[in-house]
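This report refers to the structure that appears directly beneath it.
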Amino acid sequence: MAKELYDGIYSSHKTVFIEKIEKNLGFYLKDHILEIKKLGQELLCAIRLSDLDDVCQELNKNPEFDINILNSVSHYKSRNKHCLLIDLSSVSNNFSMLLKVVMPLPGDAETSQIMQLFESSISVLKKTFEAAEFFSERKNLQEDSSDIIIQAQQIDGLDCFDLYLSTEEDMIKKAFIDTGIARVSSKELHKNTVLPDVLSCISRYDHSAGLFPELCICLSFEELMQLKVPRRVQYIRMLLSELYRVSSHLYFVSRIAKIIGAELVYNLVLLERERALRLIELITGSRISPNFIRIGGVKNDLNADKIKAARETIEILYRKVRNIEALLLDNSVISAKLKNRGSVDRETALLCGVTGPNLRACGARYDIRKNRNLLLYKDMSFIIALGKYGDCLDRVLVRFREIYQSIKIIDQAVNDLPEEHIKKLINLSDLAIPFTEMISSVECPHGVFKIFMEIQDELIQNIIVLSPSKNSVYLAERILPDSRFEDVELILASLDINSGELIS
Amino acid sequence: MRSLVKNNLNIIVAGFGCCKQEILATTGPTYDISRFGVNFVSVPEEADVLVIQGFYNEIGEERLLEIYSRMKKPKWVIATGKCIVDRCLLNEDYNFTERLGKIINVDFYVPGCPPRPEAFIYAVLRLLEAGQ
């Protein structure tokens, strides 16, 4: 049994590459780094706050690393120590790493002291990564200096932030997005909770594709235990991931159609989304929050009826979505409404740390389904959909193309589903893990969704969700200036900001 | 007045969360809530029914109370989802009934996490029946 459980980590061509990066880090930064850990396909480096500037400069300028993206900065308390978690990635070298900066503060330090040190760390980071300013306490456009204040609206996706705009006639000069209304989760959330409790509610971090947070947590545990997951399970996971991607992208198209006034398309898209959701419900038993992925497996196997239903549904979906695309984008009036609105160049998108379809719409080829050994995507034949100009039209087009690619993956997964008996690999009540850190990332419909966890015995000590929508919010602030006021709603909707990802 | 409301019920949805996806799914052709004379509006003065769902912090609560006070009488409230009916999933200290239960009088609770679109439509239909 033990041999079956621990007969090796997934074979990966990326593993060798990550090990090389790990060696290089040890060589170039040996005086600054306290500890380097390879956690699955991610790297975690612990450093002191005093070394932050040197380390950032080296990581940015050394061509061996070429780290040019700052994805997020978060503060957390680990074992009576205050720490900063900095998420960095390199598009040219196709890898990402986390910097854990240990702050020289006692465990019971006051909030003002922590904030002061946090702000000083951000100012150090700002020298290398411009995006760091988004994670500081910003007071650049308060209520009194802005002409227009748009409070959180009723439209889904635009309901989790307030928008402050400074305008001249109908052109926007400055924009500021306040996500204060969305920060609802408590600091002590998930502290000392058991894993099944966390797994059952983690899907709320992504409202439109609830499977991905669950998948992320389970993948990190599987990496930690070096658990070999059956191929059939991997195929079922891929099938469901792509179904959720289709459903999320269709919901995105429905929002765009509603904003530009294409009522017919809005209705047709919701009809197709319902078709995808019904298939998801047939397989998982739930529409929005599946609670389906388990460590080392999934909740239920697929039987012949479900496979038949999946086959029938994707056939109809492909045909109908083709029609919807033609109806929406062959219409010159609608295309003109989307074209040249909210254009982003590749450099700006990278600077803001945006990932996912929003980045790919600018022409950057970065998709961790291809770049890393995620699930069994290497067995699947699909292409990364890319845009060119990074405007609203490209963002819609990229999502349509991703839907076709997802349908292609589902088709392959259903046809090549391995015949295998799935048995229970692990009993959660037997878990007794010494204190350890875990990172895992998945390509969710909005970008790279990453979870950092600390666990001791069977209790989870910390969970930090590093979500892509925060970077999309920052990008929105960058591109709204020099746009027309009438396009604000369209530009914000086209960035597909998910309210669930902003709650932590 | 009652018959007017019965034939043209305006709903405003406050907050954000997973329930909103299911509530707004009712506007699509599969469920088509508008066949019962129900519309979704974004101006509190025009709304007859306030739907409370999702997650709230102090800022969100202020907004919710403002929307409720701006709504004209007669007004009804539907609370949907576990986060409102019971305790908030992402903040166990937050209990809607304890905090705002005395200020906002909830007429219908729709349980579920999130409730299905049919459950929401059922609550609206019960409300319309009660209005008669």
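Here, each number is a calculation from the coordinates, and none is a lab measurement. Bear in mind that the values here come from a model prediction, so they are computed numbers and not experimental data. Methodologically, a virtual Cβ is constructed for each residue, glycine included, from the backbone with ideal geometry; neighbour enumeration extends over all protein chains shown.
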The set of residues whose placed amide H lies less than 5 Å from the amide H of residue A:95, leaving out same-chain residues fewer than 5 positions away, is A:90
Once you keep just the Cα pairs under 8 angstrom separated by 6 or more residues, what percentage relative contact order results for chain A? 18
Which one, A:29, A:117, A:50, is farthest towards the positive end of the dipole of the range A:14-135 when Lys and Arg carry +1 and Asp and Glu -1 on their Cβ? A:29
Whole-Hz ³J(HN,Hα) for each residue in the range A:494-504, computed from phi via Karplus 6.51 cos²θ - 1.76 cosθ + 1.60 with θ = phi - 60°, x for glycine and proline: what do you get? 5, 7, 6, 7, 9, 5, x, 7, 9, 6, 9
List the residue ranges in chain A for DSSP H helices whose C-alpha atoms run 18 angstrom or more along the long axis and whose Kyte-Doolittle average is 0.5 or above. A:211-225, A:263-284
Vicinal HN-Hα couplings computed from phi for the range A:99-109 (Karplus, 6.51 cos²θ - 1.76 cosθ + 1.60; Hz; Gly/Pro x): 9, 9, 9, 7, 8, x, 9, x, x, 9, 5
Given charges at beta-carbon only (K, R positive; D, E negative), |dipole| of chain B in Debye: 400
Here the gain from full extension of residue A:331 to residue A:124, 0.36 nm per residue of separation minus their alpha-carbon distance, amounts to 69.6 nm
May I have the pair-distance distribution P(r) for the range A:193-502, computed from all Cα-Cα distances with 20 Å bins from 0 and rounded to whole percent? 34, 56, 10, 0
Between Rg and the Kirkwood Rh of the protein assembly as shown, both from Cα atoms, what is the Rg to Rh ratio? 0.95
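Write down, largest first, the equivalent ellipsoid semi-axes of the range B:2-131 in whole Å, where each equals the square root of 5 times an eigenvalue of the alpha-carbon gyration tensor.
22, 17, 12
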Rounding to the nearest 20 debye, state how big the charge dipole of the range A:14-135 is about its Cα centre with +1 on each Lys and Arg Cβ and -1 on each Asp and Glu Cβ. 360
Environment charge at residue A:287 (Cβ cut-off 13 Å; Lys +1, Arg +1, Asp -1, Glu -1): 0
Along the dipole axis of the protein assembly as shown (charges at Cβ: +1 for Lys and Arg, -1 for Asp and Glu; origin at the Cα centre), the most positive-end residue among A:253, A:215, A:417 is A:417
Could you tell me the distance between the Cα centroids of the range B:1-77 and the range A:61-133, to the nearest Å? 42
On a C-alpha basis, how far is the centre of the range B:91-132 from the centre of the range A:162-203 in Å? Whole number, if you could? 24
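Mind ordering A:439-450, B:65-76, A:403-414 by average Cβ neighbours within 10 Å, highest first? Let's see the in-between values first.
On the way: A:439-450: 26.5, B:65-76: 14.4, A:403-414: 22.2.
Descending packing order for the listed peptides: A:439-450, A:403-414, B:65-76.
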Give me A:34, A:163 sorted ascending by neighbouring Cβ count inside 10 Å, so fewest comes first. A:34, A:163
Using a cut-off of 18 Å between alpha-carbon atoms, which lysines can reach residue A:126, once sequence neighbours fewer than 8 places away in the same chain are excluded? A:61, A:100, A:139, A:470
Can you compute the helix-only [θ] at 222 nm over the protein assembly as shown? Use -39500 (n - 2.57) per DSSP H run of at least 4 residues, normalise by all residues, nearest 500 deg cm²/dmol. -13000 deg cm²/dmol
Exposure proxy check on A:200, A:286: fewest-to-most Cβ neighbours within 10 Å is A:200, A:286
How fast does the range A:14-135 diffuse by Stokes-Einstein, in µm²/s, taking the Kirkwood radius from C-alpha pairs at 25 °C and 0.890 mPa s? 167
Charge dipole magnitude, Cβ of K and R +1, D and E -1 - chain A, Cα centre, debye nearest 20: 1360
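Among DSSP beta bridges lying fully in the protein assembly as shown, give the percent that are antiparallel, nearest 5.
On the way: 56 of 76 bridges.
The answer is about 75 percent antiparallel.
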